[in-house]
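Peer 1: Quick one: this structure, given as structure tokens, is what I'll be asking you about.
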Amino acid sequence: MLKLGVNIDHVATVREARYRGLGHGEPDPVAAAQICEAAGCHGITAHLREDRRHIQDRDIWKLREVVKTRLNLEMANAPEIVEIALKLKPEIVCLVPERRQEVTTEGGLDVVAAEKSLTETRKKMNDAGIEVSLFIAPDERQIEASARTGAQFIELHTGKFAEDFYKFEIGNLKFESELQRLVAGAKLAHSLGLQVNAGHGLNYVNLPALFAVPHLVELNIGHSLVSRAVFVGMEAAVKEMLAVMQPYRG
Ligand code: PXP
């Protein structure tokens, strides 16, 4: 069964829009995580950014206390955050690139360029009992380098697929070529022993098209769930997404 990891960053984004720097306020991403778990999600993802623009340190420690499924800490490969992760001991970390100007994570990691430092961090995490995922574009060289780091998972970046989904060319579905890159990437990663997750920009409408991609273990979805929750609540938003995911057959 395809698993759903809920990214709760944007719950914190709404809180910080009103309560930045005050250490309290609603909506509470930790309470959101509990509702998502009760609704049947399989994991909770939170990104502790170096600039703390949404998720705060307090959030991840509370999440560690209450999350009963799987806590996935999204993080940059930066010494301060690596140290926090080793103490926090989430079940898994997903290493992502971080640029300060971006609203959310925009590109995949350049594992080819950073193979040595990513391998070192991968070892530290695994030694602490934490699994490692690398967030990458569906690029052959990046996938092969990811396998060489010894990471357990990759998370395929679906941002371009999601963007192309809304572009139409005459007689052609614009997202088809990126979809085929994702298919090839998932096959290659699987053949190299990597487990394959996917995420970024996925929503209730574009998700069924992604089901052409084989070997998917888990999807990490944030924005569309939090947006839907504004209208129907977090519990219904998660249940609706799980229903959309149900037909996936790998
Ligand atoms: N996966 C990763 C690695 C991400 O950085 C993000 C965005 O924070 C997501 C998944 C979720 O993307 P979205 O919020 O567009 O669903």
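Every residue, every condition in (1) more than 28 Å from Arg70 (Cβ to Cβ); (2) in contact with a Phe, Trp or Tyr (Cβ under 9 Å, 6 or more places away or on another chain), yes or no:
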residue: Val132; (1), (2): no, yes
residue: Ile136; (1), (2): no, no
residue: Gln142; (1), (2): no, no
residue: Thr158; (1), (2): no, no
residue: Phe161; (1), (2): no, yes
residue: Leu173; (1), (2): yes, yes
residue: Gln180; (1), (2): yes, no
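Peer 1: Now, a different point. State all residues of segment 180-206 that are under 24 Å from His10 (Cβ atoms) and surrounded by fewer than 22 Cβ atoms within 10 Å (Cβ to Cβ); if no residue qualifies, say none.
Peer 2: Hits for segment 180-206 are Gly201, Asn203, Tyr204, Val205, Asn206.
Peer 1: Looking only at segment 63-80, how many residues end up being surrounded by fewer than 21 Cβ atoms within 10 Å (Cβ to Cβ) and either modelled with pLDDT under 95 or part of a helix (DSSP H, G or I) (or both)?
Peer 2: 5
Peer 1: What number goes with the only condition from (1) surrounded by 15 or more Cβ atoms within 10 Å (Cβ to Cβ); (2) in contact with a Leu (Cβ under 6 Å, 6 or more places away or on another chain); (3) outside any helix (DSSP H, G or I) that Ile60 does not pass?
Peer 2: Of everything listed in (1) surrounded by 15 or more Cβ atoms within 10 Å (Cβ to Cβ); (2) in contact with a Leu (Cβ under 6 Å, 6 or more places away or on another chain); (3) outside any helix (DSSP H, G or I), Ile60 misses just condition (3).
Peer 1: If the requirement is being closer than 19 Å to Ile92 by Cβ, within 16 Å of the ligand (Cβ to nearest atom) and in contact with a helix residue (DSSP H, G or I) (Cβ under 6 Å, 6 or more places away or on another chain), which of these qualifies: Ala237, Ala189, Ala229, Ala198?
Peer 2: The unique qualifying residue is Ala189.
Peer 1: Now, a different point. Would you pick out the residues in segment 211-226 that are β-branched (Val, Ile, Thr), part of a strand (DSSP E or B) and within 13 Å of the ligand (Cβ to nearest atom)? Quick ask: steps written out before the conclusion?
Peer 2: Applying the first criterion (β-branched (Val, Ile, Thr)) to segment 211-226 yields 213, 217, 221, 226.
From what is left, the residues that are part of a strand (DSSP E or B) are 217, 221.
Of everything in segment 211-226, just one residue is β-branched (Val, Ile, Thr), part of a strand (DSSP E or B) and within 13 Å of the ligand (Cβ to nearest atom), namely Ile221.
The values are calculated or read from the model by the stated rules, or taken from the named source; none is laboratory data. Source: prediction; values computed, not measured. Cβ sites come from the backbone with ideal geometry, for glycine too, and all protein chains shown count toward neighbours.
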